[in-house]
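Enquirer: There's a structure below that I have some questions on.
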């Protein structure tokens, strides 16, 4: 599968473009590639690509996330449907302008956009509410970055009612199909605009878009949910860095909706001895000026053990030596970085008269 193109490149605008500029450019591309207007074999794929880019860049929060983390940030937090969640108004503004006067229901409205992208069968789930995201903050050491860290967490959240198993019905009863929407969860509403009638889809008011009615509600919960605790056990991978990591559908749970996400916010603590730069680490090793002159062998601490390091005679202050493969792992890869050791030559602040004479003799013998 080929990598996704940059959304700004897809729309054809700069990263500093305003919302109006993005909207204007998308309108031009939509006119060019909409399947109702362009019958070329690749028009549909172009239309999907520009519509996804517009759905992200026309949404302030999604655009900010994309600007910070690129495709990984958006895809890591949102499903394909979530990317388009809340963007309906943005699309309707564009397509009412483009097709509204022509009475072409197949081209206008966000419903038709979504159906063109994913097929009509998935549109019915688009209106489902999503629970709020939850945030868990944790700190890790460089040693944790090297080995990974096991997290045990008890989340206080809504969980399925144990009496009704989350159905919201009294034990022994079940839900029935809604008579208004015939179990579909949505109804079609016609609206006349001039000589044309536009049909839109909206959640059913009687069943709240769920498609089913609870005749006898459970007495121990509210629509199948009660306050409770969920235990989570998960492993932060080796090579982890500062940032937010998403555990999908582990956030707040709501009745007959999608669970939110759990955002795990990781901060890597500063180490008293090592400094991190990507997968490489840096440290200092102090030696005397005699050892720098004559050469020696020292013991250097790594994240795992003590390691011998040979100091060649005549080494200069601030020289950098490398311990190959003693850095940090790259996430989802077997490769490890290196450890770089800066040689710090200690110059004594005070010396005896005999030591001074010896140094003078050394200087004169050169």
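Enquirer: Among the numbered conditions (1) more than 30 Å from residue 276 (Cα to Cα); (2) under 27 Å from the mean Cα position of the chain (by Cα), tell me where residue 179 comes up short.
Expert: Exception for residue 179: condition (2).
Enquirer: Where in segment 259-366 are the strands (runs of 3 or more DSSP E), entirely inside, with at least 2 residues that are over 26 Å from the mean Cα position of the chain (by Cα), modelled with pLDDT of 95 or more and more than 30 Å from residue 233 (Cα to Cα)?
Expert: Correct list: 280-288, 296-301, 306-311, 320-323, 339-346.
Enquirer: I've got another one for you. On the basis of being touching a helix residue (DSSP H, G or I) at 6+ places or on another chain (Cβ under 8 Å) and surrounded by 14 or more Cβ atoms within 10 Å (Cβ to Cβ), does residue 311 make the cut?
Expert: Answer is yes for this residue.
Enquirer: A further question on this structure: Give all pairs with beta carbons closer than 9 Å in which a residue from segment 253-274 that is at positive phi and touching a residue at least 60 places away in the same chain (Cβ under 8 Å) meets a residue that is surrounded by 18 or more Cβ atoms within 10 Å (Cβ to Cβ) and part of a strand (DSSP E or B); count only pairs at least 6 apart in sequence or on separate chains.
Expert: Listed by first residue and then by second, the contacts come to 256/212.
Enquirer: Somewhere in segment 220-229, is a residue over 36 Å from the mean Cα position of the chain (by Cα) and free of Cβ contacts under 8 Å to residues at least 60 places away in the same chain?
Expert: For segment 220-229, residues over 36 Å from the mean Cα position of the chain (by Cα) and free of Cβ contacts under 8 Å to residues at least 60 places away in the same chain: present.
Enquirer: Separate question: Taking segment 214-245, which residues are in contact with a helix residue (DSSP H, G or I) (Cβ under 9 Å, 6 or more places away or on another chain) and in a loop (DSSP other than H, G, I, E, B)?
Expert: 238, 239, 240, 241
Enquirer: Tell me, which residue of segment 336-366 that is in contact (Cβ under 8 Å) with a residue 24 or more places away in the chain and surrounded by fewer than 11 Cβ atoms within 10 Å (Cβ to Cβ) is nearest to residue 295 (Cα to Cα)? Let's see the steps before the verdict.
Expert: From segment 336-366, those in contact (Cβ under 8 Å) with a residue 24 or more places away in the chain are 336-348; that's our starting set.
Restricting the remaining residues to those that are surrounded by fewer than 11 Cβ atoms within 10 Å (Cβ to Cβ) gives 347-348.
Values: 347: 16, 348: 18 Å.
In this case the residue turns out to be 347.
Enquirer: Could you please give the count of residues in segment 276-293 that are surrounded by 13 or more Cβ atoms within 10 Å (Cβ to Cβ) and farther than 14 Å from residue 320 by Cα?
Expert: Summing the residues that are surrounded by 13 or more Cβ atoms within 10 Å (Cβ to Cβ) and farther than 14 Å from residue 320 by Cα in segment 276-293 gives 6.
The values are calculated or read from the model by the stated rules, or taken from the named source; none is laboratory data. Everything numeric in this text was worked out from a predicted model, so none of it was measured. When we count neighbours, we look across all protein chains shown, and the Cβ atoms used for this are built from the backbone with ideal geometry, even at glycine.
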